[in-house]
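Asks: Here it is: the structure, laid out below.
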(Lines give C-alpha, C1' and ligand atoms only; values in the text may rest on other atoms or scores of the structure.)
Protein backbone atom coordinates (compact mmCIF):
# COMPACT_ATOMS: atom_id res chain seq x y z
CA UNK A 1 0.00 0.00 0.00
CA UNK A 2 1.70 3.16 -1.17
CA UNK A 3 0.90 5.53 1.74
CA UNK A 4 2.22 3.08 4.31
CA UNK A 5 5.24 2.35 2.14
CA UNK A 6 5.92 6.07 2.13
CA UNK A 7 5.63 6.09 5.92
CA UNK A 8 8.25 3.36 6.17
CA UNK A 9 10.56 5.23 3.80
CA UNK A 10 10.11 8.42 5.80
CA UNK A 11 10.90 6.66 9.05
CA UNK A 12 14.07 5.20 7.63
CA UNK A 13 15.37 8.33 6.00
CA UNK A 14 14.40 10.50 8.92
CA UNK A 15 15.83 8.40 11.68
CA UNK A 16 18.12 5.83 10.19
CA UNK A 17 21.13 7.90 9.42
CA UNK A 18 21.84 9.92 12.45
CA UNK A 19 20.03 9.67 15.71
CA UNK A 20 21.92 11.26 18.51
CA UNK A 21 24.87 10.25 20.60
CA UNK A 22 25.79 11.67 23.99
CA UNK A 23 29.37 11.88 22.69
CA UNK A 24 29.14 12.48 18.93
CA UNK A 25 32.07 11.59 16.72
CA UNK A 26 34.17 14.59 15.72
CA UNK A 27 33.33 15.52 12.11
CA UNK A 28 35.95 15.43 9.39
CA UNK A 29 36.44 18.63 7.39
CA UNK A 30 35.12 16.89 4.27
CA UNK A 31 34.01 13.32 5.03
CA UNK A 32 33.78 10.60 2.46
CA UNK A 33 30.47 8.76 2.14
CA UNK A 34 31.96 5.84 4.07
CA UNK A 35 33.14 8.11 6.88
CA UNK A 36 29.72 9.72 7.07
CA UNK A 37 28.00 6.32 7.23
CA UNK A 38 30.44 5.08 9.88
CA UNK A 39 29.67 8.07 12.08
CA UNK A 40 25.93 7.65 11.52
CA UNK A 41 26.12 4.00 12.52
CA UNK A 42 28.07 4.74 15.73
CA UNK A 43 25.36 7.22 16.67
CA UNK A 44 22.50 4.88 15.73
CA UNK A 45 23.77 2.29 18.17
CA UNK A 46 23.31 4.73 21.07
CA UNK A 47 19.69 5.59 20.26
CA UNK A 48 16.81 4.90 22.65
CA UNK A 49 14.29 7.64 21.75
CA UNK A 50 14.04 10.68 19.48
CA UNK A 51 11.59 13.61 19.45
CA UNK A 52 11.49 16.73 17.27
CA UNK A 53 9.21 19.37 15.78
CA UNK A 54 8.61 18.91 12.06
CA UNK A 55 7.70 21.27 9.25
CA UNK A 56 6.73 19.66 5.95
CA UNK A 57 6.50 21.35 2.54
CA UNK A 58 4.70 19.39 -0.20
CA UNK A 59 5.19 20.72 -3.73
CA UNK A 60 3.38 19.55 -6.86
CA UNK A 61 5.40 21.36 -9.49
CA UNK A 62 3.12 20.66 -12.46
CA UNK A 63 0.22 22.35 -10.67
CA UNK A 64 2.24 25.02 -8.91
CA UNK A 65 0.64 23.77 -5.70
CA UNK A 66 2.32 24.01 -2.29
CA UNK A 67 1.07 22.74 1.08
CA UNK A 68 2.66 23.36 4.46
CA UNK A 69 2.25 21.07 7.47
CA UNK A 70 3.56 21.36 11.03
CA UNK A 71 3.76 18.74 13.73
CA UNK A 72 5.77 16.40 15.89
CA UNK A 73 7.74 13.19 15.45
CA UNK A 74 8.41 10.62 18.19
CA UNK A 75 10.51 7.50 17.81
CA UNK A 76 11.46 4.66 20.16
CA UNK A 77 13.72 1.71 19.51
CA UNK A 78 13.59 -0.69 17.84
CA UNK A 79 11.24 1.01 15.32
CA UNK A 80 8.20 2.54 17.01
CA UNK A 81 7.23 5.78 15.24
CA UNK A 82 4.56 8.47 15.57
CA UNK A 83 4.44 11.38 13.10
CA UNK A 84 1.73 14.03 13.57
CA UNK A 85 1.20 16.51 10.72
CA UNK A 86 -1.41 19.30 10.56
CA UNK A 87 -2.15 21.30 7.41
CA UNK A 88 -1.58 24.93 8.41
CA UNK A 89 -4.20 26.21 5.95
CA UNK A 90 -7.19 23.96 6.65
CA UNK A 91 -6.27 22.46 10.04
CA UNK A 92 -6.71 18.84 8.91
CA UNK A 93 -4.44 16.42 10.73
CA UNK A 94 -2.93 13.06 9.75
CA UNK A 95 -1.09 10.84 12.23
CA UNK A 96 1.27 8.13 10.98
CA UNK A 97 2.01 5.35 13.48
CA UNK A 98 4.39 2.41 13.28
CA UNK A 99 3.61 -0.01 16.11
CA UNK A 100 5.15 -3.30 17.10
CA UNK A 101 3.29 -5.28 14.40
CA UNK A 102 1.10 -2.87 12.42
CA UNK A 103 1.39 0.48 10.71
CA UNK A 104 -1.52 2.95 10.59
CA UNK A 105 -2.46 6.17 8.85
CA UNK A 106 -4.93 7.77 11.27
CA UNK A 107 -7.17 10.74 10.42
CA UNK A 108 -8.69 12.14 13.64
CA UNK A 109 -11.35 14.15 11.79
CA UNK A 110 -13.03 10.99 10.48
CA UNK A 111 -11.91 8.64 13.30
CA UNK A 112 -10.63 6.26 10.63
CA UNK A 113 -7.25 4.54 10.26
CA UNK A 114 -5.77 2.55 7.39
CA UNK A 115 -3.83 -0.46 8.62
CA UNK A 116 -1.16 -2.73 7.18
CA UNK A 117 0.85 -5.48 8.79
CA UNK A 118 4.56 -4.75 9.12
CA UNK A 119 7.34 -7.04 8.07
CA UNK A 120 8.94 -8.95 10.95
CA UNK A 121 11.81 -6.86 12.28
CA UNK A 122 13.81 -10.06 12.85
CA UNK A 123 13.80 -10.85 9.11
CA UNK A 124 17.44 -10.30 8.18
CA UNK A 125 17.07 -10.66 4.42
CA UNK A 126 18.25 -7.72 2.33
CA UNK A 127 15.68 -5.04 1.71
CA UNK A 128 15.53 -1.72 -0.11
CA UNK A 129 13.43 -0.31 2.74
CA UNK A 130 15.48 2.27 4.71
CA UNK A 131 13.34 1.60 7.78
CA UNK A 132 14.82 -1.89 8.01
CA UNK A 133 18.38 -0.75 7.30
CA UNK A 134 18.38 2.30 9.52
CA UNK A 135 16.53 1.20 12.61
CA UNK A 136 16.99 -2.56 12.75
CA UNK A 137 20.13 -2.93 10.66
CA UNK A 138 23.54 -1.45 10.01
CA UNK A 139 23.07 1.88 8.22
CA UNK A 140 26.08 1.08 6.01
CA UNK A 141 24.01 -1.58 4.26
CA UNK A 142 22.23 1.25 2.46
CA UNK A 143 25.05 0.96 -0.06
CA UNK A 144 23.55 -2.35 -1.19
CA UNK A 145 20.28 -0.71 -2.29
CA UNK A 146 21.21 2.90 -3.12
CA UNK A 147 23.85 4.85 -4.99
CA UNK A 148 25.07 7.33 -2.38
CA UNK A 149 26.59 10.72 -3.17
CA UNK A 150 27.75 13.45 -0.81
CA UNK A 151 26.78 16.89 -2.11
CA UNK A 152 28.40 20.27 -1.24
CA UNK A 153 27.53 21.66 2.18
CA UNK A 154 24.38 23.76 2.52
CA UNK A 155 22.99 25.93 5.31
CA UNK A 156 19.81 24.72 7.04
CA UNK A 157 18.78 27.28 9.62
CA UNK A 158 22.09 28.10 11.28
CA UNK A 159 23.66 24.69 10.57
CA UNK A 160 26.17 23.94 7.80
CA UNK A 161 24.89 20.48 6.90
CA UNK A 162 26.09 17.75 4.56
CA UNK A 163 23.44 16.67 2.01
CA UNK A 164 23.56 12.93 1.28
CA UNK A 165 21.77 11.85 -1.90
CA UNK A 166 20.27 8.35 -2.21
CA UNK A 167 19.33 7.05 -5.64
CA UNK A 168 17.74 3.56 -5.75
CA UNK A 169 19.81 0.99 -7.64
CA UNK A 170 16.93 -1.35 -8.51
CA UNK A 171 15.08 -0.71 -11.76
CA UNK A 172 11.44 0.16 -11.09
CA UNK A 173 12.04 0.74 -7.37
CA UNK A 174 8.92 1.87 -5.50
CA UNK A 175 10.92 4.50 -3.62
CA UNK A 176 12.38 7.50 -5.43
CA UNK A 177 15.46 9.62 -4.95
CA UNK A 178 15.99 11.11 -1.49
CA UNK A 179 18.31 13.69 0.04
CA UNK A 180 18.89 14.21 3.72
CA UNK A 181 20.96 16.91 5.35
CA UNK A 182 23.18 15.84 8.28
CA UNK A 183 24.55 18.10 11.00
CA UNK A 184 28.28 17.21 11.18
CA UNK A 185 28.48 18.26 14.83
CA UNK A 186 25.90 15.72 16.04
CA UNK A 187 25.20 13.46 13.02
CA UNK A 188 21.51 14.31 13.38
CA UNK A 189 19.24 14.89 10.38
CA UNK A 190 18.05 18.46 10.03
CA UNK A 191 16.18 18.08 6.74
CA UNK A 192 14.83 15.30 4.48
CA UNK A 193 13.60 15.57 0.90
CA UNK A 194 11.76 12.87 -1.08
CA UNK A 195 11.11 12.91 -4.83
CA UNK A 196 7.97 11.00 -5.81
CA UNK A 197 5.93 10.15 -8.93
CA UNK A 198 8.83 10.66 -11.35
CA UNK A 199 9.93 13.79 -9.48
CA UNK A 200 6.56 15.51 -9.97
CA UNK A 201 5.98 15.64 -6.20
CA UNK A 202 8.62 16.91 -3.79
CA UNK A 203 8.20 16.56 -0.01
CA UNK A 204 10.65 18.30 2.32
CA UNK A 205 10.71 17.76 6.09
CA UNK A 206 12.74 20.10 8.33
CA UNK A 207 13.38 19.26 12.01
CA UNK A 208 13.93 21.46 15.07
CA UNK A 209 13.84 21.31 18.89
CA UNK A 210 15.38 17.86 18.83
CA UNK A 211 15.36 15.80 22.05
CA UNK A 212 17.22 12.52 22.27
CA UNK A 213 16.73 9.69 24.77
CA UNK A 214 13.95 11.53 26.60
CA UNK A 215 11.03 9.57 28.07
CA UNK A 216 8.53 8.44 25.42
CA UNK A 217 5.48 6.36 26.37
CA UNK A 218 4.62 3.20 24.42
CA UNK A 219 1.03 4.45 24.35
CA UNK A 220 2.13 7.08 21.81
CA UNK A 221 2.38 4.27 19.28
CA UNK A 222 -1.14 2.91 19.75
CA UNK A 223 -4.44 3.94 18.16
CA UNK A 224 -7.12 5.56 20.34
CA UNK A 225 -10.11 3.42 21.23
CA UNK A 226 -13.16 3.52 18.97
CA UNK A 227 -11.31 4.17 15.72
CA UNK A 228 -12.76 2.62 12.55
CA UNK A 229 -9.93 0.50 11.09
CA UNK A 230 -9.69 -0.10 7.34
CA UNK A 231 -7.75 -3.33 7.02
CA UNK A 232 -5.27 -3.80 4.17
CA UNK A 233 -3.90 -7.14 5.37
CA UNK A 234 -5.21 -10.47 6.62
CA UNK A 235 -5.30 -9.87 10.38
CA UNK A 236 -6.93 -7.01 12.27
CA UNK A 237 -5.02 -5.14 14.96
CA UNK A 238 -5.44 -6.51 18.46
CA UNK A 239 -6.23 -4.41 21.49
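The values are calculated or read from the model by the stated rules, or taken from the named source; none is laboratory data. Quick caveat: nothing in here was measured; it's all calculated off a predicted structure. Positions of Cβ are backbone-derived with ideal geometry, glycine not excepted, and every protein chain shown enters the neighbour counts.
Asks: Output the residue which, of all residues in region 57-91 that are assigned to a loop (DSSP other than H, G, I, E, B) and free of Cβ contacts under 8 Å to residues at least 60 places away in the same chain, is surrounded by the most Cβ atoms within 10 Å (Cβ to Cβ). Write out each step before concluding.
Replies: To start, the set of residues in region 57-91 that are assigned to a loop (DSSP other than H, G, I, E, B) comprises 61-64, 77-79, 88-91.
Narrowing further to those that are free of Cβ contacts under 8 Å to residues at least 60 places away in the same chain: 63-64, 77-78, 88-91.
Details: 63: 9, 64: 7, 77: 16, 78: 10, 88: 13, 89: 10, 90: 8, 91: 8.
Checking each candidate, the answer is 77.
Asks: Considering 162, 104, which residue is within 26 Å of residue 55 (Cβ to Cβ), touching a helix residue (DSSP H, G or I) at 6+ places or on another chain (Cβ under 7 Å), surrounded by 12 or more Cβ atoms within 10 Å (Cβ to Cβ) and modelled with pLDDT of 85 or more?
Replies: On the way: 104 fails: touching a helix residue (DSSP H, G or I) at 6+ places or on another chain (Cβ under 7 Å).
Being within 26 Å of residue 55 (Cβ to Cβ), touching a helix residue (DSSP H, G or I) at 6+ places or on another chain (Cβ under 7 Å), surrounded by 12 or more Cβ atoms within 10 Å (Cβ to Cβ) and modelled with pLDDT of 85 or more holds for just one of 162, 104, which is 162.
Asks: I'd like the full set of residues that are assigned to a loop (DSSP other than H, G, I, E, B) and surrounded by 18 or more Cβ atoms within 10 Å (Cβ to Cβ), limited to region 203-222.
Replies: First, pick out the residues of region 203-222 that are assigned to a loop (DSSP other than H, G, I, E, B): 213-217, 222.
Within region 203-222, 216 is the sole residue that qualifies.
Asks: Continuing with the same structure: Of the residues that sit in region 170-185 and are at pLDDT 80 or above and in contact with a helix residue (DSSP H, G or I) (Cβ under 8 Å, 6 or more places away or on another chain), which one is surrounded by the most Cβ atoms within 10 Å (Cβ to Cβ)?
Replies: 182
Asks: Which pairs turn up if I take residues in region 135-156 that are on the phi > 0 side of the Ramachandran plot and part of a helix (DSSP H, G or I) and look for partners that are at pLDDT below 85 and buried (at least 16 other Cβ atoms within 10 Å of the Cβ) with beta carbon separation below 6 Å, at least 6 apart in sequence or on another chain?
Replies: Pairs found: none.
Asks: Determine, yes or no, whether residue 239 is assigned to a loop (DSSP other than H, G, I, E, B) and either at pLDDT below 85 or in contact with a strand residue (DSSP E or B) (Cβ under 8 Å, 6 or more places away or on another chain) (or both). Break it down stepwise before answering.
Replies: On the way: assigned to a loop (DSSP other than H, G, I, E, B): yes; either at pLDDT below 85 or in contact with a strand residue (DSSP E or B) (Cβ under 8 Å, 6 or more places away or on another chain) (or both): yes.
Against the criterion (assigned to a loop (DSSP other than H, G, I, E, B) and either at pLDDT below 85 or in contact with a strand residue (DSSP E or B) (Cβ under 8 Å, 6 or more places away or on another chain) (or both)), residue 239 qualifies.
Asks: To continue, here is another question. Please pick out the residue among 6, 13 that is part of a helix (DSSP H, G or I), modelled with pLDDT under 50 and in contact with a strand residue (DSSP E or B) (Cβ under 7 Å, 6 or more places away or on another chain). It would help to see each step written out before you state the result.
Replies: On the way: 6 fails: in contact with a strand residue (DSSP E or B) (Cβ under 7 Å, 6 or more places away or on another chain).
When all the criteria are applied, what remains is 13.
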